[in-house]
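The values are calculated or read from the model by the stated rules, or taken from the named source; none is laboratory data. Given the structure is predicted, the values throughout are model-derived calculations rather than measurements. For neighbour counting, all protein chains shown are included, and Cβ atoms are generated from backbone atoms with ideal geometry for every residue, glycine included. Surface areas here come from the heavy atoms of the whole protein model, side chains and all, with no ligands, DNA or RNA. Shrake-Rupley method; radii C 1.70, N 1.55, O 1.52, S 1.80 Å.
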Amino acid sequence: MASDDRSSTPALDPARMIADARRAFFVMIGVLAVVWLIQVVNWTDDYRLTRDFGIRPQQLGRLGDVFAAPFLHMSWHHLEGNSGPLFIFGFLAAYRGVRKFLGLTVLVTVTSGAAVWLFQGTDTISAGASGVIFGYFGYVVLRGVFDRNLVDTLIGVVMGASFAYILTTALPGTPDVSWLGHLGGLVGGLAGAWIFRDRSGRNAPAAAATASATVPGPARSPHADLLKELDDLGI
């Protein structure tokens, strides 16, 4: 009789997937609501928040502004251009777990902001969510590979192919954008796919196979098969 090892292969749980997606959806709605509310306040005050809390490179007293800058924008057009990609890639990054998402957000905020603060010209002010968006993009594209998850790998391939054109704004020397922030965020997102990879149950099937091979079964007499055949013959 063939043994049933389906229990060693984790099955998809539709209810959990829907719950995770719903949670990620509301997280990103909340993020966008905060960003748009800040934009209203910023706009009514002639973008003073951007001037006061945008990243000013190589000014030690302004280093903490790397955490404020992603919430600030230069104009309504700037915010509108970032809102769609922020929601799409943020949702895809968040639906595998909000705690991972928060850790990833801190990571890409730091790598994006640090790239601008360290290397951009001192006569500039940088703000906007685009560096974080590039971080989410890099994470989504590579996450499935490190997690060995076919669904996430396919999502990464589709997203990478559909939005590859945005990588042109992370190339050195790209005018009118903070390409350093984009590149820093992208590097942070790619690193985050490894740092926040799924470590749970990756070797479960192999461990189960090893355990079943090493745990001895009930003692069996060397003559059991012969005795059974004799019994079947009525001898």
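Side notes on the structure shown:
- Per-region count, the stretch 118-150, residues touching a Pro at 6+ places or on another chain (Cβ under 6 Å) and surrounded by fewer than 24 Cβ atoms within 10 Å (Cβ to Cβ): 2
Matching residues to (1) open to solvent by 90 Å² or more (accessible area, probe 1.4 Å); (2) of a type in the set (G, A, S); (3) at pLDDT 95 or above:
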| site | (1), (2), (3) |
| --- | --- |
| R6 | yes, no, no |
| P14 | no, no, no |
| V31 | no, no, yes |
| V41 | no, no, yes |
| D65 | no, no, yes |
| W76 | no, no, yes |
| P85 | no, no, yes |
| G90 | no, yes, yes |
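- Contacts under 8 angstrom Cβ, first residue in the stretch 42-63 being closer than 19 Å to G181 by Cα, partner open to solvent by 100 Å² or more (accessible area, probe 1.4 Å), 6 or more apart: P57/F119
- Being under 17 Å from V106 (Cβ atoms) and touching a helix residue (DSSP H, G or I) at 6+ places or on another chain (Cβ under 8 Å) holds for only one residue in G128, G185, G173, G144, and it is G185.
- From the list V177, V140, V215, the one residue that fits, being of a type outside the set (F, W, Y) and at pLDDT 90 or above, is V140.
- Residues of the stretch 54-63 satisfying the condition of being aliphatic (A, V, I, L, M) and open to solvent by 30 Å² or more (accessible area, probe 1.4 Å): L60, L63
- When every residue of the stretch 99-119 is checked against the conditions, none turns out to be in a loop (DSSP other than H, G, I, E, B) and either within 30 Å of V151 (Cβ to Cβ) or not β-branched (V, I, T) (or both).
- Taking residues in the stretch 126-153 that are in a loop (DSSP other than H, G, I, E, B), and partners anywhere that are among the basic types (K, R) and open to solvent by less than 10 Å² (accessible area, probe 1.4 Å), the pairs with Cβ atoms closer than 9 Å and at least 6 places apart or on different chains are N149/R143.
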